[in-house]
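Working notes, structure below.
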Amino acid sequence: MKSQNSPLIFLSGITKSFPGVQALKAVDLFLHNSEVLGLVGENGAGKSTLMKILAGVHHKDEGHIYFHGEKIQFRNPYEAIKAGISTVYQDLNLVESMDICENIFLGHFLKTSFGLIDQKRLMAESRKILGKLGLDIDPSIPVSRLGVAQKQMVEIAKALAVKAEVLILDEPSATLTEKELKNLFEVIIDLKNEKMGIIYISHQLDEIFQISDRVEVLRDGHVVDVKETSKTNREELISLMIGKELKDFYPGEQILKKGKVILRVEKLQGEEKEASFVLKEGEILGFAGLVGSGRTELMRLLFGADKKRSGKIFHRGKEVKINSPKKAVKMGFGYLPEERKTQALLLERDVKENMTIASIHRYCFPPGIIKRKKEESEARKFLQRLKIKIPGLWAKTKNLSGGNQQKVLLARWLLSNSQLIIFDEPTRGIDIGAKSEIYRLLQDLKEKKKGIILVSSDLEEVVHVCDRVIVMDRGELVKVLEGKDKKPEKIMHFATGGV
Amino acid sequence: MLKKVFLFKGILISFFLVGLIVFSSCQKAEKKKILIGFSQSTMIDPWRINMLEQMKDAVKEHEGEIDFVFTDGQNDNIKQISDVEDLFSRGIDLLIISPREAEPLTSVIERVFKAGIPVITLDRNITSDSYTCFIGASNFRIGEGAGRLMTSLLEKGGQVIEIEGILGATPTIDRSDGFHSVIDSIPGIQVIGKQPADYLREPALKIMEDFLQSQPRIDGVYAHNDEMALGALTALKAEDREGVVVIGIDGQKEAFESIMAGKLSATFIYPNGSAQAIEIALKILKGEKVPKNIELKSQMVNKSNVHLFYKPDSYF
Amino acid sequence: MEKSFGIKKIIKRIWERYNILLGLVVLFIFSSLVSGAFLTARNLLNVMRQVSINGIIAVGMTFVILTAGIDLSVGAILAMVGCLCAGLLKFGGLGFLPVLFIGLGAGLLMGMMNGLVITKGKIQPFIVTLATMTSIRGLAFLYSKGRPIVLGEETPSALLFLGEGYVGPIPVPVLLFLSVFILSSFILRRTVLGRYVYAIGGNEEAARLSGINVDFFKIVVYSLSGLFVAVASVIAIGRLGVGNADLGLGYELNAIAAVVIGGTSLMGGIGTVEGTFIGAVILGILSNILNLLGVGSFFQQILKGGIIIIAVLLSKRRS
C-alpha cells in the first residue's frame, strides 16, 4: 500500500505565533506518496495555520519543511502551487464572473504560439478534468451560475489542472451532498493511485474513517497523536480532540412536552411549492433534505426576507403579515442564516455591536441615543451565559472562530428576546466542542419554551436533536418523521424521492 | 472604541498645540525686494496662460526689483478667495488680481485693500471702489463691435449662430449683451440658436455639427472666443459650407493664421494688460499717482490688417 | 497579548492606527518650518475657514460612503440651494429666516430624492447621483437664467454673519463646521442611526436580516448629506454675496478626497468623521502651504493627487 521510502512531505518542529497567540508548537507531520492523511482537531487547534504554512500563505517562525527530502521554504502561495502543492480552501477562491475553464486555468492559461489564450485547448482540457471529477457541465458558463457544491468541484479541478503532487482539502465536504461526496472520494482514490499525497481536513469523522489511511490529531497547536485509521475509533478521536472523555455529545433525551402552538404556516408559497406546518412551544422542528431542496428558501420566506406569493402565517393563533425581516423581528422571530459571513455577521464591527444590532432600541434613552453602559452590561451577560471565549466585547467578529461567531449570532436573537428562532445549518464548519455546546444551548432554549426550527444536512444531528423532522425534496414538504420513524435512513429515503 | 477615543483626543491635542504655537509666534520676515502677488482666476484657457506668461516676462525686465508669486483659482470663486487670503498671509506688497467674478471676490479684495495693500484689478473689476487701479478692456464694447461687424458683413440679413462661453460668467454675459444690443435691432438678422461651449474648441465643434444638421441655412457664427470660432470652422469645413461669416474674440495666433488663410472672417484682440499691470504696480509702489481706471482698447483684426499683428513666435 | 509589548511594536501600532493624524502633524510641522507666514493666527484661521465648506460637505459624504454609497450631486445641490436662497432673498421678498429654512429644506429634499431613487428604483448610487448631479445643475442654471444672482448690498446681515462673521477670533463658518462635525461624530458613535449606518455599509444583507429597514436609513443618510450641503451653501453665498449656478463645480471630488484621505473605505462600513475632518484639514493646509511657497498651480494638482494615493496606501496597510 504505502511506499516506505522517504516521505513526500515532512514538516519538522513547526512553530508559529501570531500577536498574542501561540498557534503552533513544534508540530511534526509527514505525508507519503499515495496516502491520505486525515487532519483533525477543534477549531483553533492549528490545522488551518499548519496548512497555510505548507501552502506558503503564512511563514513559520521555527522548524523545517522538507519536500521530496529537500529543505524548502515557500515565500508565497504561488511558489507552493508551482512546486506542486495545491490547496482547496473551505471558503472558495473563485472569480465568480469568469468562466469555469478560465477559473480552472487561472494564472497559467494555456497559450497559443502567439501568446494568446488558447480557448479551444482550455475548453478541451477543462472538460477532461471535469469529466474526471464526474462533473458534466459546460466549462464555458460563468462560475457565478454554479451551486456551492459545483463551485467546490471547480476548486478541486483547479488543483488537478496544475498537476499537483500534494493536495490539501480543507473541509471539502461541508457543502457537498451525499452523492457528490461519494464522487469526491472516488476522485481522491483515483488521485491516490496516481501517487498523489492528500491531506484531508474535516470535522466529519465519518469521512475521516472512510477515506484516510492515517489520522493526525491536533489540539491547542500541538500534535496529540497520530493513528493508523484502521486502529482507532470515533470515540477515541473525539476524546483526543477535546482532551477529555466524551459523553452526552447530544444532550438529553428529547421529550416533547405538550406546548401551545407558536406558529402555524398554511400553504406558504414563494418560488417553490406550497408549505404547511406547525411549530409548538418547546419544540425543536427539524428540516432535512438535500442541498437545493428548498429548505433555506422556505426559511427566508417565513422570515420575510423574500417575497411570498401566497399563504398565511399564524403567530399564536393570530394571522400575521410578515413582509420584511423587520416585521419578523418585531413578532419575536430570530434567524441564523446558513451563510454566516455574508448574511449575518458585521465582520468589521465588534462583538457587542453584532450582539445588540437587532435589539438596539432596548438600550436607548432618549429614543435613538444609545446608553452604552446598559448595552455593554446586557451584552456581557450573554458572553458569560453562552460561554463565548473571546478577549472582550471589543473584538472584531471577523477574528472569531466559527463556533464563537455562531454564539454571537445566537446572542443577537436572545437579546432581542426572540420566541422563535430559525437555525439554518448552525453547526456547519464548527468544531466538535462548539457543536456540543450549540446542542446544549438548543436544549436550553427548548426548556425555556422557545420554538426552534433547525435546518441541517447533518442527519445524525437532525435525528438526535429534533423532536420532529420534516423532510423536503425539490421544494416540497414530503414527510414528517417522529418517534421511531425518525432515522437517518428514512430521512434519506424520502429526501431522495422515495415514497 | 479605544482607538476612536484616542483619535478624538488626538484632534483636540493638535488643536491645543496649534493654539499654543499661534499665540507664541509672530511673523518676522525681512525683505529687500518687493513682492507682487498675482491671483489668476483659472489656467485652463490659453488666453489666461498667456496673460501670466507675459506678466512673468514683464517681471523679468525688472529682475532684482521684484519677487513674483501667482496662484490659480481653478475657475472657482471660493478657491480664488482662499488664494487671495493665502497671498495676503504670505505678506505681499501689492496684489494683482483677475477676479473670476466681481461680486464674490469684492469682499476679500476690500479686506486686502483696507489693510494697506495696493490692489490692481485686471481684466475684470470688483463691485466696490476698494482698489487702486483697474486695467481692462470692455467685453460689452467688443460684443458691440462684433455685432456691428456682423451687421455690415451680412448686408442682406441672415441667420446667425451664437456660441457662448461659460454660462453665467461675466465675460460671457457682456460679450453676449453687447452683441445683442446691436443685432437685436436689425430686422434682417436673427440669432437662430445659441449654446454654451465653455470657451473650448471641442464642445464648440460638436455644437456646430449639431446646428449644421438642424439648420439648413446659417449665414454667420459669432463665437465668444477664437478657440470656439476655430472649432466652428472645423465643423463648417467638414460639411463644405462656404461663405459663412465667422467672428471670434481674443486674437490668438492660430486665429490670425486662419484669417490669413481666408477662413476666419475677423477677430477682436482682447488685450490682457499684464505688461501694463507690472508697470502700474511699480509706479504705485514708488508712490506715483496712477489713474483709477485704464481701459485697454480692443482692435478688430481682419484680412486687411492681420499682418500688423501676427507674430510667428508668440505663445498665444 | 502580554508578550507583544516592546518599543518597536508600540511605535508600529501607533503608526498603523493614527497615521492620518500623524500625517497631519508632520505636514503641520513641515509647513511651520518652511514658511514663516504659515504659523500665524490669521493664516491658520483663514485655512480653517477655507476648509469649512468642503469639510461640511465631506462630513455628509462620510455618512453616504459608510453605507457603501456615493453622492456625486453635492456640488450641484450646493449651487441649487445657493441660487434658490439668493433668488428668494432678491426677488421673493422673503426675510432671512424663512429663506434659510427653505434652503435647508430644499437641500434635504434633494438628498431625499437621491435616496428614494436609489432604494426604490434599486439603482446604483453612483449612477443615480451622476444623473441628479447633471439635472440639478441644469435646474440651477434654469432658475438663475444662467446669470449670477447678485445680492450685493441687499445681503441680509445675518447671512453675511454666517459667511463672513466672527465669534471672538473664530470665523463663523469654522464654528458651523465644528458643530456639524461634533454632531456627526455623536450620531455615528452614540445613536441608533450611526450603528445602522455602519451595519448597512458593512453587510447590507445582514443588516436587513437583523430587522433593519435598510431603505429607510439609506434615504435618511442621503437626506442628511443634502442637508449638510445646504448648510455649506448658505455659508458660501454668505461669503460670496452671489448665488451662482456654477458654484461648487467639482466639489464632489474634493469631498470624496477628504473622506478617502481620512481612511474611510469606499466599500462602506469602515471609517470615521474624525478621519474625514483630518482629511479635509490636510487638503486645506496643503493648498495653503503650496500657495505660501509659491508652488505653481499645475504642480499643486499633481501633488494633491499623489497625497490621495499615499493616504489610501497608508490606510490600507492599517486595516
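Throughout, read-outs are computed from the coordinates displayed, never taken from laboratory work. As the structure is a computational prediction, the values presented were derived from the model and not from experiment. As a convention, Cβ positions derive from the backbone with ideal geometry for all residues, glycine included, and neighbour counts pool all protein chains shown.
Residues of the stretch B:226-262 with backbone nitrogen within less than 14 Å of a virtual label 7 Å along the Cα-to-Cβ line of B:Ile49, please, listed as ranges.
Counting only backbone N, you get B:227, B:253-254.
What spacing in nm lies between the two simple spin-label points modelled at C:Leu266 and C:Leu116, each 7 Å away from Cα in the Cβ direction?
2.9
I need the Debye-formula profile for the stretch A:9-242: one equal scatterer per C-alpha, no solvent, reported as log10 I(q)/I(0) at q = 0.11, 0.12 1/Å, two decimals.
-0.57, -0.67
Enumerate the amide H contacts of A:Ile199 below 5 Å, restricted to partners 5 or more residues apart or on another chain; note that Pro and chain-start residues carry no placed amide H.
A:Leu37, A:Leu167, A:Ile168, A:Leu169
Over 26 Å between Cα atoms: which of A:Lys267/A:Lys450; A:Lys47/A:Lys381; A:Lys280/A:Lys389; B:Lys286/B:Lys311; A:Lys330/A:Lys486; A:Lys448/A:Lys486 fall into that group?
Values: A:Lys267/A:Lys450 23 Å; A:Lys47/A:Lys381 31 Å; A:Lys280/A:Lys389 32 Å; B:Lys286/B:Lys311 33 Å; A:Lys330/A:Lys486 34 Å; A:Lys448/A:Lys486 24 Å.
Over 26 Å Cα-Cα: A:Lys47/A:Lys381; A:Lys280/A:Lys389; B:Lys286/B:Lys311; A:Lys330/A:Lys486.
Using just the helices of chain C, give the 222 nm mean residue ellipticity in deg cm²/dmol: DSSP H runs with n ≥ 4 each add -39,500 (n - 2.57), and the total is spread over all residues, rounded to 500. It would help to have the intermediate numbers written out before the result.
Details: 13 runs with 240 residues, N = 319.
The per-residue figure over chain C is -25500 deg cm²/dmol.
With a cut-off of 8 Å between alpha carbons and a minimum separation of six or more residues, what is the relative contact order of chain C in percent? Before the final figure, lay out each step's value.
On the way: 526 pairs, mean separation 109.5, N = 319.
With pairs under 8 Å counted, the relative contact order is 34 percent.
Would you mind checking the stretch A:306-333 for residues with the amide N under 20 Å from a putative spin-label position 7 Å along Cα→C-beta of A:Gln269?
Residues A:306-314, A:320-323 fall inside that zone.
Semi-axes of chain A's equivalent ellipsoid from the Cα gyration tensor, sqrt of 5 times each eigenvalue, largest first, rounded to whole Å? The partial results should precede the final answer.
Values: eigenvalues 321, 148, 109 Å².
For chain A, the semi-axes come out at 40, 27, 23 Å.
Restricting to the protein assembly as shown, compute how many DSSP beta bridges are antiparallel as a %, nearest 5. List each step's numbers first, then the result.
On the way: 53 of 127 bridges.
That works out to approximately 40 percent antiparallel.
Could you calculate the FRET efficiency of B:Ser128 with C:Leu109 from 1/(1 + (r/R0)^6), where r is the beta carbon distance between them and R0 is 25 Å, rounded to 0.05? It would help to have the intermediate numbers written out before the result.
Details: r = 36 Å, r/R0 = 1.44.
The calculated FRET efficiency here is 0.10.
Quick one: 3J(HN,Hα) in Hz for the stretch B:208-222, Karplus 6.51/-1.76/1.60 with θ = phi - 60°, rounded, Gly and Pro as x.
Using θ = phi - 60°, the values come out as 5, 4, 5, 4, 5, 6, 8, 10, x, 10, 10, 9, x, 10, 10 Hz.
Just to be sure I understand the rule: take each whole DSSP H helix in chain A, project its Cα atoms onto its long axis, keep it if the span is 15 Å or more and its mean Kyte-Doolittle hydropathy is at least 0.5. Which ones pass?
Working: long enough: A:119-132 (20 Å, -0.94); A:148-161 (20 Å, 0.54); A:178-193 (23 Å, -0.33); A:372-385 (20 Å, -2.26); A:402-415 (20 Å, 0.04); A:432-447 (23 Å, -0.41).
Taking the DSSP H segments of chain A (at least 15 Å long, mean hydropathy at least 0.5), we get A:148-161.
Antiparallel as a % of all DSSP beta bridges within chain B, to the nearest 5? Walk me through the numbers before you get to the answer.
Details: 4 of 42 bridges.
Beta bridges within chain B, antiparallel portion: roughly 10 percent.
Contour minus end-to-end for C:Ile127 and C:Lys8, with contour as 0.36 nm per residue of separation and end-to-end as the Cα-Cα distance? Walk me through the intermediate numbers first.
Working: separation 119, 0.36 × 119 = 42.84 nm, distance 4.63 nm.
Separation in residues times 0.36 nm, less the Cα-Cα distance, equals 38.2 nm.
Where a Cα-Cα gap under 17 Å defines reach, which lysines qualify for B:Lys194, not counting those fewer than 8 residues away within the same chain?
B:Lys206, C:Lys145
Considering only DSSP beta bridges with both partners in the stretch A:9-242, what is the antiparallel share in %, to the nearest 5?
On the way: 23 of 41 bridges.
Taking every DSSP beta bridge within the stretch A:9-242, about 55 percent pair in antiparallel fashion.
Give me D for the protein assembly as shown in µm² s⁻¹, whole number, from Stokes-Einstein with Rh from the Kirkwood sum over alpha-carbon pairs, 4 °C and 1.567 mPa s. Please list the in-between numbers first.
Working: Rh = 34.8 Å.
The calculation lands on 37 µm²/s.
How many angstrom lie between the C-alpha centres of the stretch C:203-279 and the stretch C:72-91?
17
Would you please give the residues with an amide H less than 5 Å from that of A:Arg219, counting only those at least 5 places away or on a separate chain, with H modeled from the backbone geometry?
Amide H neighbours of A:Arg219: A:Val224.
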